[in-house]
Amino acid sequence: MLKHATATVLAAALSIALAGPALANSCPKHMANIDKALAASPKLEPAKLDEVKKLRADGEAFHKAGKHAESEAALGKAEAILGIKM
């Protein structure tokens, strides 16, 4: 029983350790998609455009701080507003 519990804990720790870099690598892709969409002058209300720009900036700040889940969330919201499908 103890062997099984130890194996489970090790597997969970390994999954968490591997998930961080995977999320870190996808943040720049999301930022590039948003930048490309913004460069195309999307037809958005000014308030929505401001929201996208803020979410994009927040996503980059979270990414640089190593908070990749938060970065993914912010960037995902910006992509949704822009209609970007991943």
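Here, each number is a calculation from the coordinates, and none is a lab measurement. Since the model is a prediction, treat every value here as computed from it, not as a measurement. Cβ atoms come from the backbone with ideal geometry, glycine included; neighbour counts cover every protein chain shown.
General remarks:
- Since only MET86, PRO46, ALA57 are under comparison, the one whose Cα sits farthest along the positive direction of the charge dipole of region 24-86, derived from C-beta charges on Lys, Arg, Asp and Glu, is MET86.
- 3J(HN,Hα) along region 49-66: 5, 4, 5, 4, 5, 5, 4, 4, 5, 4, x, 5, 5, 4, 4, 5, 7, x Hz, from the Karplus curve 6.51 cos²θ - 1.76 cosθ + 1.60 with θ = phi - 60°, whole Hz, x for Gly and Pro.
- Electrostatic bookkeeping for MET86 treats Lys and Arg as +1 and Asp and Glu as -1; over the other residues with beta carbon under 14 Å from its beta carbon, the sum is +2.
- Counted residue by residue at 0.36 nm each, then reduced by the alpha carbon distance between them, the extension gain from SER41 to LYS64 reaches 5.6 nm.
- Here the dipole of region 24-86 is about 140 debye; that uses its Cα centre as origin and unit charges on the Cβ of Lys and Arg (positive) and Asp and Glu (negative).
- Local net charge near PRO46, Cβ-Cβ under 14 Å (Lys/Arg +1, Asp/Glu -1): +1
- Three-way shape call for region 24-86 based on the alpha-carbon gyration tensor, with the a/c threshold at 1.5: prolate
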